[in-house]
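The values are calculated or read from the model by the stated rules, or taken from the named source; none is laboratory data. Model, not experiment: these values are computed from the prediction. Cβ placement follows ideal geometry from the backbone for every residue including glycine, while neighbour counts extend to all protein chains displayed. Accessible surface is based on the protein model in full, side chains and every heavy atom, while ligands, DNA and RNA are left aside. Shrake-Rupley method; radii C 1.70, N 1.55, O 1.52, S 1.80 Å.
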Amino acid sequence: MKLGIVGLPNVGKSTLFNAITHAGAQSANYPFCTIEPNMGVVDVPDERLLTLAQMSHSEKIVPATISFFDIAGLVKGASKGEGLGNQFLSHIREVDAIVHVVRAFHDQNVVHVEGQIDPVRDMETIELELILADMEILERRITRLERQAKGDKTLLPYLHLMERMLGEFENGILAKNMVFEPDERAFVTDLHLLTDKPVIYVANVGMDDFHAENPFLKAVEQKAAQEGAEVLAISAQIEEEISELPLEERKEFLLDLGVEESGLDKLIKASYSLLNLISYLTTGPKETHAWTIKKGTKAQKAAGKIHSDFERGFIRAEVIAFDKLQQAGSMVKAKELGLIRSEGKEYVIEDGEVVLFRFNV
């Protein structure tokens, strides 16, 4: 999974990125500090892996991972080359989803690129630039398709579709909120439009008002609700402090703050939900491994996540729910109790299931 952290300059993107990835991206109080997208890989926390590794005496644990990209700050006019312009926009095209960081805190020592704090205006600025960039893509595709359609009338429906989309863009509608027929949806997906990507909003709140009534946060939530997007209230400053603590002290620090989980944990859960992802598990003496798949993936396709040979030569999947395996205490005991099921290629893998694939090539 690839997530792009975006927002206007100086909203706390790089501070948040540094905290959650420990990748050491440069963070400073001036616009365009981040010029190339910094990338950091984060392990997805999963306590089930340690339990399985101990049970199987695994040599190593391989968790699922998320790649975060800290992408340069966007300003008004980016679609026309202002600021870092199209360089920024091209980086967003590489990610599966967008984490849109919005400033929801007061701090006289941190300048705002627009002069004053207004999170809704900031959200709309970025939305508009993404729409304008998508319109430019459609206009180029339409010009090309008009020439091709003169000799191939089957292309006319797609030409009319893009012209319709241009009209909706002009009314401020994002591609992901437009209504399409199934065949149209497939065509639009292949366009890789920026406004077609799912979004999570992160309201970067101050350390002091983490539990206080925050009018900036409320404004972000109201705006996000209009497009059915989720909002996470996260303090980049708190995440930075957490990242500097030893692992064993982090839980106590969070309890002192009156919160149950870190912003990173909340972001990972929200990202999995947004992209409709789950993890299944494999375990043995060599390694215990978490594999990320789309919810609803069938056993044969899930086997291909490990290796194409597993999918090609699929025979069956031996499956047990993690909770049942934990209660049994071992794979051997689980087999004795008849808890391990044999499933065919059409079986839909569920989150947290421990799976052994049988295959022959």
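On the principal axes of its alpha-carbon atoms, the stretch 119-158 has extents of 49, 15, 6 Å, going from largest to smallest. Taking max minus min of the alpha-carbon positions on each principal axis, the stretch 227-271 gives extents of 38, 17, 15 Å, largest first. Among 320-328, 199-207, sorting by the average number of other beta carbon atoms lying within 10 angstrom of each residue, highest first, gives 199-207, 320-328. Rg then Dmax, both in Å and based on the Cα atoms of the stretch 263-302: 12.3, 35. The GluC sites (Glu not before Pro) of the stretch 151-234 that DSSP puts in a loop, and whose beta carbon has at most 11 other beta carbons within 10 Å, are 213. Normalising the average separation of contacting C-alpha pairs (under 8 angstrom, six or more residues apart) by the number of residues puts the relative contact order of the chain at 18 percent.
Going 7 Å from the Cα of residue 164 along its beta-carbon direction, which residues of the stretch 183-204 have the amide nitrogen within less than 17 Å of the resulting point? Counting only backbone N, you get 183-191. Within the stretch 265-361, the percentage of alpha carbon pairs spaced more than 18 angstrom apart rounds to 47%. Taking every alpha-carbon pair in the chain and binning the separations at 20 Å intervals from zero gives 25, 49, 25, 1 percent.
Heavy-atom surface analysis with a 1.4 Å probe gives the chain a carbon and sulfur content of 50 percent of its accessible area. Note on the stretch 231-304: Kirkwood hydrodynamic radius from all Cα pairs is 14.9 Å, rounded to one decimal.
One equal scatterer on each Cα of the stretch 283-338, no solvent, Debye formula: the resulting log10 I(q)/I(0) at q = 0.16, 0.28, 0.30 Å⁻¹ is -0.62, -1.16, -1.18. Computed with a 1.4 Å probe over protein heavy atoms only, the accessible surface of the chain comes to 50 Å² per residue.
Taken over the stretch 201-246, the percentage of Cα pairs per 10 Å bin, counting from 0 up to the bin with the maximum distance, is 27, 46, 22, 5, 0. Between residue 150 and residue 94, full extension at 0.36 nm per residue minus the direct alpha carbon distance yields a gain of 16.9 nm.
State the antiparallel share, in %, of DSSP beta bridges confined to the chain, rounding to the nearest 5.
Working: 24 of 48 bridges.
So the antiparallel bridges in the chain amount to around 50 percent.
Of all the Cα-Cα pairs you can form in the stretch 140-227, what percent are over 17 Å apart? Result for the distance tail: 61 percent. If R0 is taken as 22 Å, the Cβ-Cβ distance between residue 118 and residue 260 corresponds to a FRET efficiency of 0.10.
When the surface is traced with a 1.4 Å probe over the full set of protein chains, residue 342 keeps roughly 80 Å² accessible. Stokes-Einstein diffusion for the stretch 142-299 at 4 °C, viscosity 1.567 mPa s, with a Kirkwood radius from C-alpha pairs, works out to 65 µm²/s.
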